[in-house]
Amino acid sequence: MKVRFWGVRGSIAVPGRETVEFGGNTSCLELRFGKKDRLIIIDAGTGIRPLGDHLAENDLPKGPIKTEIFITHTHWDHIIGFPFFQPIYIEGTQLKVYGPITFEEDTIEDVMGNLLRYRYFPVLHGELKADIDYFPLGECEMDLGDGITLRTKYLNHPLLCLGYRFEFKGKVLCTAFDTEPFRNVFSVDTNAPDYDPVASKKGEEAVREENQKLLDFFRGADILIHDCQYTQKEYFSSKIGWGHSYFEHAIHSALEAGVKKIVLFHHDPPRTDQELFALEKRCYEYMENQSTLEIVVAREGMEILL
């Protein structure tokens with residue numbers, strides 16, 4: 001199994017001189033499996049545009065492109081690159097797009113299709129030459145063929161967001177994009193006017209249960225790619241409830257779940273290369289002599305082989 005990072009930013013693309021080292025494109029991963037070189041893509045942020053160009057140049061000469069895209073959720077930074085994905089304009093392309101059930105009126109097909117309307121884009125979805133099928137996903141287990149199995153898990157984000165756990169030949173890659181620790185939504189302050197001891201206790205129980213489910217989902221992963229948009233100071237000062245994590249939480253989750261390598265992902269748009277280098281150094285210092293857990297800060301173009 002091989003993973004290549006085509007986009008590692010969160011929220012919005014940030015090209016420029018201050019983001020050259022870590023990259024400015026938003027979420028997109030390329031996975032390759034086994035001797036068949038089976039291709040699976042996670043998310044369609046702006047990073048899917050250069051990935052599409054790469055596929056057209058390197059894969060298309062071998063035959064029509066056939067792949068699946070697993071969308072974690074439909075916020076802009078995870079889907080906005082889809083209209084610029086070159087293979088959808090190439091006849092013979094076979095594409096399956098999977099995305100989370102959100103229990104709203106629009107399906108994953110509606111959301112992705114609406115990106116290609118004249119209101120937003122000069123080409124209509126119906127004019128695409130690729131053969132595209134859409135599939136809604138909830139929490140489930142799937143046999144993807146070729147020895148690949150997938151398990152999904154809802155994360156903690158303002159819009160329902162799926163984590164993906166791919167298993168292949170005894171190796172496990174797990175994603176947790178756009179998530180934050182579950183927290184008690186009921187007041188725990190006994191002096192607060194809205195304090196309800198029963199609700200507060202039930203809330204604490206639910207929080208423990210949901211956070212434990214996530215740890216079980218990560219359990220024993222060879223690679224965990226985890227949201228780390230904020231620092232702890234940023235998170236607790238003003239970002240609680242925004243649906244993103246801080247690096248201390250991500251690292252502790254990996255430790256508790258017995259993960260071998262954690263890749264810190266979904267960098268905040270204002271974060272410059274120099275700030276990310278400093279964050280990387282802080283992570284190494286934070287973990288010095290504490291564990292065998294390997295910590296990597298995601299970079300655009302980075303490849304990891306399992």
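Annotations for the structure displayed:
- Calculated [θ] (222 nm, deg cm²/dmol) that DSSP helices of n ≥ 4 give over the chain, each run adding -39,500 (n - 2.57): -7000 deg cm²/dmol
- Where Rh is the Kirkwood radius over Cα pairs, Rg/Rh for region 1-132: 0.96
- When peptides 196-206, 5-15 are ranked by their average number of other Cβ atoms within 10 Å per residue, the highest-first order is 5-15, 196-206.
- For peptides 296-306, 165-175, 59-69, sequence by mean Cβ density within 10 Å, most packed first: 165-175, 296-306, 59-69
- Peptide packing for 116-129, 263-276 was compared via the average number of neighbouring C-beta atoms within 10 Å per residue; ordered from the highest value, the list is 263-276, 116-129.
- 15 Å reach of a label modelled at Thr149, 7 Å along Cα-to-Cβ, counting backbone N of region 28-55: none
Since every read-out is calculated from the coordinates, none of them should be taken as a lab result. Worth saying up front: this structure is predicted, and the values here are computed from it rather than measured. Counting neighbours? That spans all protein chains shown, and the Cβs are built from the backbone with ideal geometry, glycine included.
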